[in-house]
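Heads up, the thing below is written out as structure tokens.
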Amino acid sequence: MQTGYSNGYGGGHTHSRRRSHRAAAGGVYRVCSSSLSSPPTAPSTPTTTSYGNSNHVDTETAVASMWEGYDEAYFQSYANVGIHQEMIKDRVRTDTYKAAIMHHQNLISGKVVMDVGCGTGILSIFCAQAGASRVYAIEASDIAIQANEIVKENELSDRITVIHSRVEEVEIEEKVDVIISEWMGYALLYETMLPSVLYARDKWLKPGGLILPSHAMLYMAPVTNSERYHETIDFWRNVYGIDMSALIPLAKQCAFEEPVTETISGENVLTWPFMVKYIDCYTTTARELESITARYKLSAIMSAPLHGFAFWFEVEFNGPITISSNNDMGFPFQHGTNNGSNHRKRRQKDTIVLSTAPEETPTHWQQTILYFYEPIEVRQDQIIEGSITLSQSKENHRFMNVHLEYSTAGRSFVKESVMR
């Protein structure tokens, strides 16, 4: 739990930061076997939560009750100090947030700030150091207890108020000038935390207020990774002189059934990146994030086996701007389209960016890879096209369904999976 979940093969693993709640939240660590297991049951509803006295529980109420149980386990997973240590030690993440706060110091100094999901309170303290007059540090997990002690030890209790609650249940009598949150999950949207930030925005942010980060971009691209495939699959062809090829189908299921998080480099990427979704945190609604579909058409920049697709994200720390959707970005779906690079070229030089791209310094988010069971040989300039749909799982809204359609050289495929 503290060191993360491993799928049992070198290279692919999930980190404690974003999936440690998996076992507690009804998604027990997946054990690969030759037979199918029953889906996990939802955790029992916390005794402190009341859902009414009616003996009749309709489907909507039952689902809400189940999700409450999942959320309780999800939030409590963040009481594990190891998760926060991993996040804080990620210098790219932490230094970029601190730089963004200082970059916008003129909009923070003397103002009221809300930190959604404050964890240990480090971002709240950065805001206080930047001159914020008051910071509401909201944290649903029990790490809020330690956060409050940290605030006291740093003599900031007069300016930082730690609130141990879900943001949706908080009562604050004043509007805020700034909302800051580190809400990004694997592949940006895993964990479904952004809707809580949008809730805070709609309820408390003053007109013209600042949101950090302000904009987010989710990218994807076909990738090649022969070394990973060899270590995971081809290994079984000769094990100390023994042919264990009978294990290969099971090995593929265990290694590639679900998306994995691992670090790749720019050399693994077969095409220019495609922007799946552009999110303006000033205007995006939670409903827009429930299901996202995008069509892509990409051209291979080299000849290599196609092993899957990688997903990563970038976030920007800007003031409000007018762009609010993919179409407004002016990126047409056409041969060789290069959404990601176009957007980067159009950024202002002083824009502060937190990037998890393969060519950048690795972060604890790494990249999220959806591997295929069988690689596909691709030649330079060969077209790879299809569609991608990411949607909140009905099993648990913290999970994410992935539906990928891809075609190349006259062959079409579909890959479906769930990020649990």
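The table below lists the values:
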{"quantity": "Solvent-accessible area, 1.4 Å probe, carbon plus sulfur percent, for segment 189-299", "calculated": "55 percent"}
{"quantity": "Solvent accessible area, Å² - Met302, 1.4 Å probe, full protein context", "calculated": "60 Å²"}
{"quantity": "List Phe235, Phe309, ordered by accessible area with a 1.4 Å probe, largest first", "calculated": "Phe235, Phe309"}
{"quantity": "Hz values of 3J(HN,Hα) by residue in segment 161-166 - Karplus curve (6.51, -1.76, 1.60), Gly and Pro given as x", "calculated": "10, 8, 10, 8, 5, 5"}
{"quantity": "HN-Hα J in Hz across segment 228-240 - Karplus 6.51, -1.76, 1.60, θ = phi - 60°, x for Gly and Pro", "calculated": "4, 5, 5, 5, 8, 10, 5, 3, 6, 6, 8, 10, 6"}
{"quantity": "Whichever lysines have a C-alpha closer than 21 Å to that of Lys297, once near sequence neighbours (fewer than 8 apart) are set aside", "calculated": "Lys277, Lys345, Lys415"}
{"quantity": "Segment 142-276 - share of DSSP beta bridges that are antiparallel (%, nearest 5)", "calculated": "55 percent"}
{"quantity": "Estimated vicinal HN-Hα couplings, Hz - segment 297-306 in sequence order (Karplus 6.51, -1.76, 1.60; Gly, Pro = x)", "calculated": "8, 10, 10, 5, 9, 7, 8, 5, x, 8"}
{"quantity": "Accessible area expressed per residue, segment 131-283, with surrounding protein chains retained (probe 1.4 Å, Å²)", "calculated": "39 Å²"}
{"quantity": "Exposure of Glu182 as accessible area (Å², to 10), given a probe of 1.4 Å and all protein chains", "calculated": "10 Å²"}
{"quantity": "Highest average packing first - 394-401, 242-249, 171-178, Cβ atoms within 10 Å", "calculated": "394-401, 171-178, 242-249"}
{"quantity": "Per-residue SASA entry for Tyr373, accessible area with 1.4 Å probe, Å² rounded to 10", "calculated": "90 Å²"}
{"quantity": "Nearby lysines by direct alpha-carbon distance to Lys203 (threshold 23 angstrom, same-chain neighbours under 8 apart not counted)", "calculated": "Lys111, Lys175"}
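The values are calculated or read from the model by the stated rules, or taken from the named source; none is laboratory data. None of the values given here were measured: they were computed from a predicted structure. Note: ideal-geometry Cβ built from the backbone for every residue, glycine included; neighbour counts use all protein chains shown. Heads up: the accessible areas ignore ligands, DNA and RNA and are worked out on the full protein's heavy atoms, side chains in. Shrake-Rupley method; radii C 1.70, N 1.55, O 1.52, S 1.80 Å.
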